[in-house]
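K.L.:
What follows is a structure written as structure tokens; I'll ask about it next.
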Amino acid sequence: MSARAAWRLEQLGFERVYDYVGSKADWFACGMPREGKSAEVPWAGDLVRDDVSTCAPDDRVGELRDRVVDSGYDFCVVVNEHRIVLGLLRGDALSKDATARADEVMELGPKTILPSNPVEKLLGSRSSQGVKHWVVATSHGALLGVLSRAEAERALEDNRARAE
Amino acid sequence: MPEMIELEEVQSLVDEGAQLLDVMSRGEYEDSHLPGAIHISLKELDAQSAAKLDRDRPVIAYCYDYQ
């Protein structure tokens with residue numbers, strides 16, 4: 001639709017016209033700001049925290065343990081140089097062989113959510129039952145941070161109270 | 001020919017003064033749109049409605065997704 005609109009504008013005499021191919025879905029899925037009614041309800045990206053511990057695939061597990069403990073989370077996100085989420089390190093993977101590389105022991109393909117996920121929908125979904133933290137990444141796979149269930153529930157309650 | 005662009009170029013152009021044009025329906029625009037976007041639905045995009053746009057500045061059209 002944006003392509004047709006761009007062509008239409010050219011037909012109307014506009015000289016510098018661009019078509020944002022990814023459009024609104026891409027913008028929001030990259031955690032960019034929004035206006036409109038949807039801005040009145042919390043989305044995952046509004047509550048994301050970037051204080052989770054991250055590491056490179058070739059980092060040694062033994063060097064990460066303290067960093068993970070200090071972060072307050074019980075896991076570490078393995079990212080590449082573009083912050084693309086590659087895996088998660090947690091539990092046994094962090095406590096076993098200290099000389100292992102992160103990518104040798106990481107959990108592959110962890111589930112991530114988009115920042116444009118409405119919190120209410122997220123909390124109501126069956127697949128999120130029992131989840132303490134969600135890893136939030138853009139549609140391009142880049143890590144934005146982590147959303148905690150406690151924070152999501154608090155934000156939803158606050159939002160409902162404001163609406164009453 | 002309109003140039004197809006992605007997020008990074010959108011940001012750069014907006015920083016330079018480009019206008020964002022949302023061509024979805026009024027309801028979809030009211031629900032969510034990019035900051036500062038002007039609304040003219042594709043069905044209503046004619047010379048009269050396009051007068052809302054500044055011809056001296058670039059225009060970036062967008063809709064919902066790749067459709």
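K.L.:
Can you confirm whether B:D65 is facing chain A (nearest Cβ under 8 Å) and either touching a residue at least 24 places away in the same chain (Cβ under 8 Å) or assigned to a loop (DSSP other than H, G, I, E, B) (or both)?
P.N.:
Criteria met by B:D65.
K.L.:
While we're looking at this one, here's another question. How many residues are more than 7 Å from chain A (Cβ to nearest Cβ), touching a strand residue (DSSP E or B) at 6+ places or on another chain (Cβ under 9 Å) and not in a loop (DSSP other than H, G, I, E, B) when one looks only at the stretch B:30-44?
P.N.:
Selection size over the stretch B:30-44: 2.
K.L.:
Taking the stretch B:1-20, which residues are within 7 Å of chain A (Cβ to nearest Cβ) and not in a helix (DSSP H, G or I)?
P.N.:
B:P2, B:E3, B:M4, B:I5, B:E6
K.L.:
The conditions are (1) within 7 Å of another protein chain (Cβ to nearest Cβ); (2) part of a helix (DSSP H, G or I); (3) loosely packed, with under 13 Cβ neighbours inside 10 Å, and B:A47 fails exactly one of them. Which is it?
P.N.:
(2)
K.L.:
Moving on. Of the conditions (1) crowded, with 17+ Cβ neighbours inside 10 Å; (2) more than 7 Å from chain B (Cβ to nearest Cβ); (3) at pLDDT 95 or above, A:A56 satisfies every one except a single condition; which number is it?
P.N.:
All conditions pass for A:A56, except number (1).
K.L.:
In the stretch A:4-42, which residues are within 21 Å of B:M1 (Cβ to Cβ) and either more than 7 Å from chain B (Cβ to nearest Cβ) or among the small types (G, A, S) (or both)?
P.N.:
Answer for the stretch A:4-42, where residues must be within 21 Å of B:M1 (Cβ to Cβ) and either more than 7 Å from chain B (Cβ to nearest Cβ) or among the small types (G, A, S) (or both): A:A5, A:A6, A:Q11, A:G13, A:E15, A:G22, A:S23.
K.L.:
Okay, next question. Which pairs do you get when a residue that is touching a residue at least 24 places away in the same chain (Cβ under 8 Å), found in the stretch A:140-164, comes within reach of a residue that is surrounded by fewer than 16 Cβ atoms within 10 Å (Cβ to Cβ) and of a type in the set (V, I, T), reach meaning Cβ atoms under 8 angstrom, with the pair 6+ apart or on two chains?
P.N.:
So the pair list comes out as A:H140/A:I84; A:G141/A:I84; A:A142/A:I84; A:L143/A:I84.
K.L.:
Sticking with this structure for a sec: Looking only at the stretch B:6-28, count every residue that is surrounded by 13 or more Cβ atoms within 10 Å (Cβ to Cβ) and touching a residue at least 12 places away in the same chain (Cβ under 8 Å) and tell me the total.
P.N.:
So the answer is 12.
K.L.:
Looking only at the stretch A:1-41, filter to residues that are among the polar types (S, T, N, Q) and under 28 Å from the mean Cα position of the chain (by Cα); which one of those is farthest from B:I60 (Cα to Cα)?
P.N.:
The residue in question is A:S38.
K.L.:
Output the residues belonging to the stretch A:1-21 that are small (G, A, S) and closer than 14 Å to B:D22 by Cβ.
P.N.:
Within the stretch A:1-21, A:S2, A:A5, A:A6 qualify.
K.L.:
Scan the stretch A:22-40 for residues that are of a type in the set (A, V, I, L, M) and buried (at least 17 other Cβ atoms within 10 Å of the Cβ) and jot them down.
P.N.:
Once the filter is applied, which keeps residues that are of a type in the set (A, V, I, L, M) and buried (at least 17 other Cβ atoms within 10 Å of the Cβ), the stretch A:22-40 yields A:A25, A:A29, A:M32.
The values are calculated or read from the model by the stated rules, or taken from the named source; none is laboratory data. Not measured: the values here are computed from a predicted model. Methodologically, a virtual Cβ is constructed for each residue, glycine included, from the backbone with ideal geometry; neighbour enumeration extends over all protein chains shown.
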